[in-house]
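A short worksheet on the structure shown next.
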Amino acid sequence: MSNLLNATIPAAAAAAADSQFVFNSTDYVVFSLMLSISAAIGVYFGFFAKGEDTTEEYLMGGKRMKTIPIAISLVASQLSAISIMTIPGEMYGYGINWFFNVVCMVVVVPLLNYVIIPVFYNNNITNCYEYLELRFDKKVRVLQTFLFISTMFFMLPIFIFLPSLAFSQVTGYNVHIINAIVCGICVFYTMFGGIKAVVWTDVIQAAIMVVSVVLVGTMGAYRVGGFAEVFRIAGEGGRLDVNFNLDLTTRSTIWNVFSSATLMWSGYVGLNQSCVQRIVSLPSLKHARRSLWIFGLGFVVIMFFNCFTGIVIYSRFHDCDPIQSGHVSKVDKMVPYFVQDTVGHLRGMPGVFISCVFSAALSTLSASINSLGGVVYFDYIKPCIRHTEHRANVIMKLFVLFCGIYCVLGGVVVEKFNSILQVLYSIGGVSFGATCAVFMLGMLVPRAHGRAAIIGVLSSIACMATIVIFSWGRNHYDTLPTRIDNCPAVALNGTTSTTTSTVSPLIQTAHSQTEESFSILDLSFNWYVVVGFIITWLVAVPLSYILKQRADAKLDPKLLSPVVQPFVSYELAQADELHELKTEKPEKA
């Protein structure tokens, strides 16, 4: 969407400044209360309700966590500030196709409950990367933990920067100072409270998110003229058109969104340590399954309202696009502007919205750095030191502190990004597909072995990294048409309606392709996860039959998914016990 303004637009932008709200005392109280509650939970679990000084207590709450809090925590951590801030903008600019990220939950939750999570419980696995060593070998585990750590380090600054940007926009404070303060609070309660503080702050933060998202969406619809009017205007503007285009360069279609989302959410919830750590903290598989069903329902409800907000935003500004009129510089700032316009006059509502965005960011950030500390310690630090439970906890807490400092510094780079959502998908596209593929390979393909798996993963990473790097900055997508004919400053000058798209609304193909033949570099970023998954399987499955396994390789059928076990005729072979699971055995007298 072009940011170039004609001569009449700056006047409209200047006139709009008076209508924008600023934080008043009530807003600051609401926002401060949210941060204070989060810090207080950290104090409570860190100093007053301390459990044993063990890694199991710090990372998994002693495996005594409750079903509903874990479900709410999973929902909260999936709804990052990226979701709250960019998804409505995505719906505004590109239409309803992104909503199939939500629809895919009808496939994702059964996949998690009956294919993936039972494997971890049946083998008493608390770190999902332990599974890769048991099923394949140490090299596969090391590679995947490296990919997890690398991806998290790319994403951590993004998680917290967006809410800081929103707060800066409505208060005028320096975005990096805000970033430092909020990161400090998150690090505090995560360091001292462990997973219990992470989960219970998530519960509070999820409540704030639900209230804010529902209020903003419904009040926005009321201002437009009701739900029927919202859908009428959105339909006329092409925002409700489902794209069935099979062109691989088209930005968002039902095919690439649904398929990539199915793999992405399955991998992120069921095969990512930040979520697996919480799921296996429940006492039994029955509790885990119940928690995941509740998670799926909660995710669909809150994401529906989040997507609906994007449709409401379009209905509100369908004849006066805030970007073209100069009120907003880029689509990532559309949601704060809409909140300003819709509920800014209500005392305390700006504070509720900003609290919502920060709650989403804090829930994702705290869960990520807590699990990241555990993975780094057990895979990279523990083998090099003399392990004690107290020393392990101290090291993990120091690593959490390091992550907080890194997030503050990383905000300087994130500030320069144009489309946060596209950046996120591009980073994830390099590794998410391969990560999901190697776990599913181990669970569903009995013949798969370590040599084939590691070659498949490396091939996928190499191919996807090449595509992402060489296509960076190459592809630019037109948004659906927008108008400015009803903007006050424009109307006075008699300017006619304009649109920002030069192609059909349902095409949205990469500009660089035009009439030329297809290039893999023009592939929509929504296909990255799917292509990465397919490459891993296309390489690893044939190699599992071509290459010989290690002489000492064994297959324990318990490491296969329950849906596959009935069709596999292997003798039960005891898998090697992981080094960190071995205990000192008493000497015989």
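Checking the condition modelled with pLDDT under 90, assigned to a helix (DSSP H, G or I) and open to solvent by 40 Å² or more (accessible area, probe 1.4 Å), which residue from 423, 413, 430 passes?
On inspection, the qualifying residue turns out to be 413.
Working only within the stretch 345-370, note down all residues that are open to solvent by 10 Å² or more (accessible area, probe 1.4 Å) and in a loop (DSSP other than H, G, I, E, B).
345, 346, 347
Of everything in the stretch 212-261, what is farther than 26 Å from residue 437 by Cβ, among the acidic types (Asp, Glu) and outside any helix (DSSP H, G or I)? Give them in sequence order.
The answer is 241, and nothing else.
On the basis of being surrounded by 20 or more Cβ atoms within 10 Å (Cβ to Cβ), part of a helix (DSSP H, G or I) and more than 15 Å from the chain's Cα centre (by Cα), does residue 131 make the cut?
So residue 131 passes the test.
Only one of (1) open to solvent by less than 10 Å² (accessible area, probe 1.4 Å); (2) farther than 30 Å from residue 534 by Cα; (3) part of a loop (DSSP other than H, G, I, E, B); (4) not basic (Lys, Arg) is not met by residue 283, so which one is it?
Tallying (1) open to solvent by less than 10 Å² (accessible area, probe 1.4 Å); (2) farther than 30 Å from residue 534 by Cα; (3) part of a loop (DSSP other than H, G, I, E, B); (4) not basic (Lys, Arg), residue 283 fails exactly one: (1).
Table: residues versus (1) surrounded by 10 or more Cβ atoms within 10 Å (Cβ to Cβ); (2) over 35 Å from the mean Cα position of the chain (by Cα); (3) at pLDDT 75 or above.
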position	(1), (2), (3)
538	yes, no, yes
547	yes, yes, yes
558	yes, no, yes
564	yes, no, yes
573	yes, yes, no
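Residue-by-condition table, conditions (1) modelled with pLDDT of 80 or more; (2) under 23 Å from the mean Cα position of the chain (by Cα):
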residue	(1), (2)
311	yes, yes
315	yes, no
322	yes, no
329	no, no
341	yes, no
345	no, no
372	yes, yes
387	no, no
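Please work out if residue 281 is within 22 Å of the chain's Cα centre (by Cα) and over 27 Å from residue 130 (Cβ atoms).
no
Taking helices (runs of 4 or more DSSP H) that do not extend beyond the stretch 22-82, which have at least 1 residues that are under 30 Å from residue 350 (Cβ atoms), open to solvent by less than 20 Å² (accessible area, probe 1.4 Å) and at pLDDT below 80? Don't jump to the end; show me each part of the working.
Values: elements: 25-43, 55-60, 67-78.
Counting at least 1 such residues, we get 25-43, 67-78.
Need the failing condition index for residue 341 against (1) in a helix (DSSP H, G or I); (2) under 22 Å from residue 67 (Cβ atoms); (3) open to solvent by 10 Å² or more (accessible area, probe 1.4 Å), just the number.
(2)
Filter the stretch 84-124 for residues that are under 30 Å from residue 318 (Cα atoms) and open to solvent by 10 Å² or more (accessible area, probe 1.4 Å) and give the result.
90, 94, 96, 98, 99, 100, 103
Kindly provide the set of residues from the stretch 134-168 that are surrounded by fewer than 20 Cβ atoms within 10 Å (Cβ to Cβ), of a type in the set (Val, Ile, Thr) and either touching a Lys or Arg at 6+ places or on another chain (Cβ under 6 Å) or modelled with pLDDT under 85 (or both), ordered by number.
Correct list: 151 only.
The values are calculated or read from the model by the stated rules, or taken from the named source; none is laboratory data. Nothing here was measured: the structure is a model prediction, and the numbers come from that model. Positions of Cβ are generated from backbone atoms using ideal geometry, with glycine treated the same way; all protein chains shown enter the neighbour counts. Only protein heavy atoms, including side chains, enter the accessible area calculation; ligands, DNA and RNA are left aside. Shrake-Rupley method; radii C 1.70, N 1.55, O 1.52, S 1.80 Å.
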